[in-house]
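Written out below as structure tokens is the structure these notes cover.
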Amino acid sequence: MKESPADYPSYAQMLRREGRLAGTSWELFPEKDRGTPSFITPEAVLAAKECIRTGTVFGLDYAADDFDPGMSLKRGAPRHIIYSAHPAHRDDYLDGYYLQGSTQIDGLRHRRADDVGFYNGTPDHLVCEGTPELGIQEWAEQPIVGRAVLVDLEGCRAAQGSPIDHPAGEPLGLGLIQAAIEAQSLEIRSGDILLLHTGWCEWFLGLPLEEKREVRSSRKATGVEQSGEFVAWAWDNRLALLAADNFAFECLPAVPDSPFLESAPNDNGMMHQQLLAKLGMPLGELWRLGPLARHMRTTGAWEAFVSVKPLNIVGGTGSPANATALT
């Protein structure tokens, strides 16, 4: 029998686990490669249908080549090629398609914790092409579906008369997230998909080409501030997935006082290792949340039924999110 979200330990309790298990959710979930999407119970999926009030549908993915250039120094835009074998036929493929080059979901093999390894102690030699362990196919074969709540950080800061400073790559702290949740009268429930609307993607895509290149060279991008408090909050609220409309979900670079500088030296103190490799919590990046946020401002309802169906690539480290919201 599957455990309910209430049966899992708090983050503080997990920090007291022994050895490599300290601060991890390793060996807690019944499906070992699924991670925190396990918090979404069948009952939660059924309850999520109550989020559909207007019958309005939103695709949450940007085009595969929208971020050209983007912030990544290696992920280029794919080239779309159409070919034909005879006059009545057309077929196509993508050349140079980076699966995390546009709207994406990070899988559990996307990050290895420097101090303890891959999620659930999966051996390094099993994380390669042709092996299924921790692969993105887990969430393709059983998609991540449930209630999503959109936290309008851009709207909250605008209402305060202090817009988010995207050129500076502003860190957005847990206090701002909690203040926006309170201002929107949101209730966070076990198994929720958290959508953070910062406005970064629309700001970046609206820049002239040369300014985009300057932002990429600066290596600064708005995102969630690295903190132990945020990691604990995300786990203790039993969030299934974290997604935002920015480059790396968390701010780039990590804040100078990041508590993860020692445990995640290869990531320069970012939280990816804590969330992916230790908690098994998937991250969504570069999501198209602007149209959904503007619609929700008009309705005053900040929840939606959301489906996330990654590409079924066995052993994939990440994938386009293929995310759809119904309100």
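Brief remarks follow.
- Cα gyration tensor shape for the chain, rounded if a/c is under 1.5, else prolate or oblate: rounded
- In this structure, the pairs whose alpha-carbon distance is over 20 Å, taken from Lys74/Lys278; Lys74/Lys220; Lys32/Lys278; Lys220/Lys278, are Lys74/Lys278; Lys220/Lys278.
- Heavy atoms of Ile313: accessible area, 1.4 Å probe, square angstrom to 10: 60 Å²
- Only protein atoms count toward the accessible area here, which uses a 1.4 Å probe; on region 74-131, the carbon and sulfur part of that area reaches 51 percent.
- Qualifying GluC sites (Glu not before Pro) for region 241-317 [loop in DSSP, other Cβ within 10 Å: at most 10]: Glu262
- Taking GluC sites (Glu not before Pro) across region 175-215, the ones in a DSSP loop with at most 16 further Cβ atoms lying within 10 angstrom of their Cβ are Glu187.
- Carbon and sulfur %, accessible surface of region 200-327 computed with the full protein complex present, 1.4 Å: 51 percent
- 1.4 Å probe accessible area per residue over the chain, in Å²: 43 Å²
- Inter-part distance where region 1-49 and region 75-97 are each reduced to a Cα centre, Å: 42 Å
- Ordered by 1.4 Å accessible area with all protein chains kept, Val57, Val308 run largest first as Val57, Val308.
- Phi-based couplings in Hz for region 29-44 (Karplus 6.51, -1.76, 1.60; Gly and Pro marked x): 8, x, 9, 5, 9, 8, x, 5, x, 4, 5, 7, 8, x, 5, 5
- Amide H within-cut-off set for Ala244, under 5 Å, with H built and near neighbours excluded: Leu196, Gly284, Glu285, Leu286, Trp287
- Taking the protein heavy atoms of region 139-183 in the context of the full set of protein chains, the accessible area attributed to carbon and sulfur is 52 percent at 1.4 Å.
- Cβ-derived FRET efficiency at R0 30 Å, Tyr93 paired with Ala159, nearest 0.05: 0.05
- Scanning the chain for trypsin sites (Lys or Arg not before Pro) that sit in a DSSP loop and have at most 13 other Cβ atoms within 10 Å, the longest stretch containing none of them is 91-218.
- Relative contact order (%) - region 22-173, alpha-carbon pairs under 8 angstrom, separation at least six: 23 percent
- When region 1-101 is reduced to its Cα atoms, the Kirkwood hydrodynamic radius in Å: 19.0 Å
The values are calculated or read from the model by the stated rules, or taken from the named source; none is laboratory data. On a predicted model such as this, the values are computed, not experimentally measured, just so you know. Because the Cβ atoms are built from the backbone with ideal geometry, glycine has one as well, and the counts that use them run over all protein chains shown. Ligands, DNA and RNA are stripped out before the accessible areas are found, and what is left, the full protein with its side chains, is counted by its heavy atoms. Shrake-Rupley method; radii C 1.70, N 1.55, O 1.52, S 1.80 Å.
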